[in-house]
Amino acid sequence: MLAKPDLNEYAPYYKGYVNSVPDGELLQILEQQVKETANLLKDLSNEQTHFRYAPEKWTIKEVIGHITDTERIMGYRLLCISRGEKVMLPGYDDNVYVKKGNFNRFSIQELLEQLAIVRQNTVTLLKSLDNETLLQRGNANGTEVTARAIAYIIAGHELHHRNLIKDRYMSSDSFPEKMIK
């Protein structure tokens, strides 16, 4: 079982993500949570997936694109750090990535499929790493982090955004009624 990382394994910014991951086998959690996100969103109408709960906020499609892009980046960091990379890995501007991703042109099913594929790659990589490798430290975006912490950040990041979708999008009084796709 992959134990939760210690506070000294990641930047304080990520504490909420790491702490939100439930106890249990992380690989199973990662596999299950992508299914839960897909089940939550798969039947939304196109109008619903374009909903913004406030001006300048992302649409639901953009949130899913953001989760996927972030996992791609974190997966790269996980690979690099687990392989002993000592060069600082760059940060990224998620707002620029979402804008350039043009996620609203895809169906929700296409975006969920991309997320599932990226998640399977993450799980496959994690299965190949031993405990010693998961404790390797590297530097991403100017802060020290372990490979193990990155795995938990990935899980917590998806959970964070799924909860935002439920709480700020789908629970909004302005959220469009269920429409035929």
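Okay, here's what the table says:
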| item | result |
| --- | --- |
| Matching residues in the range 58-69 - criterion: being open to solvent by 20 Å² or more (accessible area, probe 1.4 Å) and either in a helix (DSSP H, G or I) or touching a residue at least 60 places away in the same chain (Cβ under 8 Å) (or both) | E62, D69 |
| Filter result for L2 (within 16 Å of R119 (Cβ to Cβ) and in contact (Cβ under 8 Å) with a residue 60 or more places away in the chain) | yes |
| Residues being open to solvent by 30 Å² or more (accessible area, probe 1.4 Å) and over 15 Å from L125 (Cβ atoms) - total across the range 70-97 | 11 |
| Test for E47: is it under 17 Å from R162 (Cα atoms), part of a helix (DSSP H, G or I) and either open to solvent by 20 Å² or more (accessible area, probe 1.4 Å) or of a type in the set (A, V, I, L, M, F, W, C) (or both) | no |
| Candidate set from the range 17-37 (those that are in a helix (DSSP H, G or I) and either touching a Gly at 6+ places or on another chain (Cβ under 8 Å) or at positive phi (or both)); member that is most open to solvent (accessible area, probe 1.4 Å) | N19 |
| Counted residues, the range 136-173 - those being in a loop (DSSP other than H, G, I, E, B) and either in contact with a Pro (Cβ under 9 Å, 6 or more places away or on another chain) or on the phi > 0 side of the Ramachandran plot (or both) | 2 |
| L129 being in a loop (DSSP other than H, G, I, E, B) and within 26 Å of L26 (Cβ to Cβ) | yes |
| Flag if L40 is over 22 Å from A140 (Cβ atoms), modelled with pLDDT of 95 or more and either open to solvent by 10 Å² or more (accessible area, probe 1.4 Å) or not in a helix (DSSP H, G or I) (or both) | yes |
| Pairs with Cβ under 8 Å, 6+ apart, first in the range 112-124 and in contact (Cβ under 8 Å) with a residue 12 or more places away in the chain and surrounded by 14 or more Cβ atoms within 10 Å (Cβ to Cβ), second of a type in the set (S, T, N, Q) and assigned to a helix (DSSP H, G or I) | L112/T37; Q114/T68; L115/T37; L115/T68; V118/T68 |
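The values are calculated or read from the model by the stated rules, or taken from the named source; none is laboratory data. No experiment lies behind these values; they were computed from the predicted model shown. Every residue, glycine as well, gets a Cβ built from its backbone with ideal geometry; the counts of neighbours run over all protein chains shown. The area values use the complete protein model at the heavy-atom level, side chains included, leaving out ligands, DNA and RNA. Shrake-Rupley method; radii C 1.70, N 1.55, O 1.52, S 1.80 Å.
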